[in-house]
């Protein structure tokens, strides 16, 4: 039973399209995150939500819009995809937003924009 | 701004040899510190964390790390490398009560030679 699950695992799409990535956690955690890992494997936070409330929005283009329908789900919608959006996107969750407990990560969604 | 530096983007050791992966952080106030491991095409797995208790932290798979405030370091060690330890290792910091945001180092790829 996967703790943090993301779908799809792979996503290949053309420039200009709109796509969504879904994330669900069954750990009962209060806080969820989206991270982007670029081609050099560098990881950077994009967003975090605590109990459905946005608490971190890290200078991400407006084309990226997170949605949290409940505290177990955090989806990422991307409009007008660009070549530079190609990356691996990781969802993660933690028990709280205090920073002490570390995260549980999903297995990632590899997005390729052609 | 907080930053994390991992010395060496690639470390190669022989099976059975000591593993030492270096991490330095920039905060003047001791943050929470983490080491994560990423196997190919997988998400990140928490190895260990420092949250202001004992300065020598033991983690999974025989890894441990020592927090040294005077050196602002949190180096990861393992006495004897196994082939299965080959992976990408990330050091990360989280400042207290900053929404749980993790700031990652650039990663160190560990290779283990037979």
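The values are calculated or read from the model by the stated rules, or taken from the named source; none is laboratory data. Given the structure is predicted, the values throughout are model-derived calculations rather than measurements. Every residue, glycine as well, gets a Cβ built from its backbone with ideal geometry; the counts of neighbours run over all protein chains shown.
Observations
- Sole residue being on the phi < 0 side of the Ramachandran plot and modelled with pLDDT under 95, chosen from B:96, B:22: B:96
- Taken residue by residue, region A:65-86 has no member that is facing chain B (nearest Cβ under 8 Å), outside any strand (DSSP E or B) and either out of contact with any helix residue (DSSP H, G or I) (no Cβ under 8 Å at 6 or more places or on another chain) or on the phi < 0 side of the Ramachandran plot (or both).
So that you can scan it fast, the table gives a plain yes or no per residue for (1) closer than 20 Å to residue A:32 by Cβ; (2) touching a residue at least 12 places away in the same chain (Cβ under 8 Å); (3) surrounded by fewer than 18 Cβ atoms within 10 Å (Cβ to Cβ); (4) within 13 Å of chain A (Cβ to nearest Cβ):
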| residue | (1), (2), (3), (4) |
| --- | --- |
| B:34 | yes, yes, no, yes |
| B:43 | yes, no, no, yes |
| B:63 | no, yes, no, no |
| B:81 | no, yes, no, no |
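- Counting residues in region B:17-31 that are farther than 18 Å from residue B:108 by Cβ, facing chain A (nearest Cβ under 10 Å) and touching a residue at least 24 places away in the same chain (Cβ under 8 Å) gives one or more.
- Region A:87-113, residues that are in contact with a helix residue (DSSP H, G or I) (Cβ under 8 Å, 6 or more places away or on another chain) and over 18 Å from residue A:6 (Cα atoms): A:113
- Strands (runs of 3 or more DSSP E) completely within region A:11-59 that count 1 or more residues being more than 12 Å from chain B (Cβ to nearest Cβ), at pLDDT 95 or above and surrounded by fewer than 19 Cβ atoms within 10 Å (Cβ to Cβ): A:19-25
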